[in-house]
Amino acid sequence: MAESDQRPSPVAGFTLVGFSGHQDLETYLWPLFLIVYILIVLGNVSIVYMIMTDKRLHAPMYFLVANLAAVDVVLTSSVIPAVLVRLILDIRFILWSNCFIQMYLFHSMSAAKILLLAVMAYDRSVAICTPQYYLSLTRDAYFIKLAGFTWMLGLASFLPPVVLISIFPFCGSHEVYSAFCELLSVTSLICTDAISVIFLNVVLNVLIIFSSFASLAWFYIKMCKSLRIHSSEQKKLLYTCIGHILVLSFYFPSLVLYFALFYFGYSFPLIHVTSAVVYVVLSPLLSPIIYILSAKEIREKILKLLRVRKVFPHAGSTAAIEGH
């Protein structure tokens with residue numbers, strides 16, 4: 001790179017490389033992203049609506065599911081609409097302020113999501129292992145406070161690194177090798193030594209991701225051990241974990257792929273961009289489907305709504321579904 005390219009320069013914004021160089025691919029991507037985004041919003045908003053309006057679903061487990069759905073809507077909405085506009089209008093430039101707002105929402109909602117998944121595992125652990133305490137926790141609105149804490153912690157955790165990055169000088173072409181602004185990609189454009197940003201990012205990821213993963217593992221190990229000593233009724237509660245386990249099985253691989261391919265992705269930018277997009281859309285798209293299929297009360301609510309609107313007038317019960 002020329003010496004002039006290495007000098008700090010005023011930054012009005014950044015150029016998002018995204019899927020540039022693959023115009024044929026972009027032609028098919030924008031309608032696909034549009035359909036996926038509509039499905040994500042409709043699915044997750046429907047989950048929130050059903051849980052908030054049905055008294056049978058006013059339980060800690062479903063309250064946490066509603067919070068997870070709300071986080072997914074905010075997380076996806078911070079990325080996909082902007083990507084759609086750029087694909088349709090062929091706009092690669094993003095304003096400096098918009099870039100950092102997008103970065104903040106993306107990372108803060110990602111942190112809130114993984115913390116909520118850990119809280120959901122804690123909820124099932126208490127219900128299965130120590131049911132005598134579960135009713136008291138529910139009565140004291142403990143899980144409402146816990147869910148609120150995950151939102152506040154998520155919103156607060158990535159504010160310092162985003163603010164810190166914003167005060168650094170940037171060099172070169174200001175090209176972000178992603179379809180949206182993310183901390184890792186933007187940090188690579190900093191001219192000076194960015195060790196403080198990198199260190200802070202590593203610390204936050206270790207504290208949030210690995211602590212949440214360790215908590216998840218501990219709660220599920222505890223639940224599995226309890227099967228030997230508890231009643232058959234308590235063992236049946238383990239089936240209520242199926243939806244949570246399926247969400248984790250899609251979320252964590254996409255998260256690992258996103259981080260693992262970051263440095264490898266600069267040799268093949270399309271791979272890095274694809275991994276980032278998969279992380280944003282895969283779990284939010286599948287979560288509503290998983291919880292609809294795995295939660296009896298939510299299935300019954302949907303079938304009731306369909307019968308009222310005479311979409312499927314003969315859908316009298318979920319007995320057929322329960323039989324499988």
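The values are calculated or read from the model by the stated rules, or taken from the named source; none is laboratory data. Model, not experiment: these values are computed from the prediction. Positions of Cβ are generated from backbone atoms using ideal geometry, with glycine treated the same way; all protein chains shown enter the neighbour counts. Remember, those area values only see protein heavy atoms, side chains included, never the ligands or the DNA or RNA. Shrake-Rupley method; radii C 1.70, N 1.55, O 1.52, S 1.80 Å.
A few remarks follow.
- For PHE262: the one exception among (1) open to solvent by 40 Å² or more (accessible area, probe 1.4 Å); (2) assigned to a helix (DSSP H, G or I); (3) modelled with pLDDT under 75: (1)
- In segment 214-228, the residue that is most open to solvent (accessible area, probe 1.4 Å) out of those that are without any contact (Cβ under 8 Å) to a residue 60 or more places away in the chain and more than 10 Å from ILE128 (Cβ to Cβ) is ARG228.
- Criterion (open to solvent by 50 Å² or more (accessible area, probe 1.4 Å) and in contact (Cβ under 8 Å) with a residue 24 or more places away in the chain) met by exactly one of PHE100, PHE63, PHE33, PHE106: PHE63
- Residues in segment 140-179 that are touching a residue at least 60 places away in the same chain (Cβ under 8 Å), farther than 30 Å from VAL273 by Cβ and touching a helix residue (DSSP H, G or I) at 6+ places or on another chain (Cβ under 6 Å): PHE143, ALA147.
- Residue within segment 70-78 that is assigned to a helix (DSSP H, G or I), hydroxyl-bearing (Ser, Thr, Tyr) and buried (at least 23 other Cβ atoms within 10 Å of the Cβ) present: no
- Number of residues in segment 36-49 that are open to solvent by 40 Å² or more (accessible area, probe 1.4 Å) and either outside any helix (DSSP H, G or I) or in contact with a Pro (Cβ under 8 Å, 6 or more places away or on another chain) (or both) equals 2.
- The lone criterion from (1) of a type in the set (A, V, I, L, M); (2) under 30 Å from LEU25 (Cα atoms); (3) over 25 Å from the mean Cα position of the chain (by Cα) left unmet by ILE128 is number (2).
- Flag if PRO253 is open to solvent by less than 60 Å² (accessible area, probe 1.4 Å), modelled with pLDDT of 80 or more and not β-branched (Val, Ile, Thr): no
- Among (1) out of contact with any Leu (no Cβ under 8 Å at 6 or more places or on another chain); (2) closer than 15 Å to ASN67 by Cα - the single one GLY154 does not satisfy: (1)
- Identity of the residue in segment 7-30, open to solvent by less than 100 Å² (accessible area, probe 1.4 Å) and assigned to a helix (DSSP H, G or I), that ends up modelled with the highest pLDDT: TRP30
- Output for segment 79-97, where each listed residue is touching a residue at least 24 places away in the same chain (Cβ under 8 Å) and in a helix (DSSP H, G or I): ILE80, PRO81, ALA82, VAL83, LEU84, ARG86, LEU87, ILE88, TRP96
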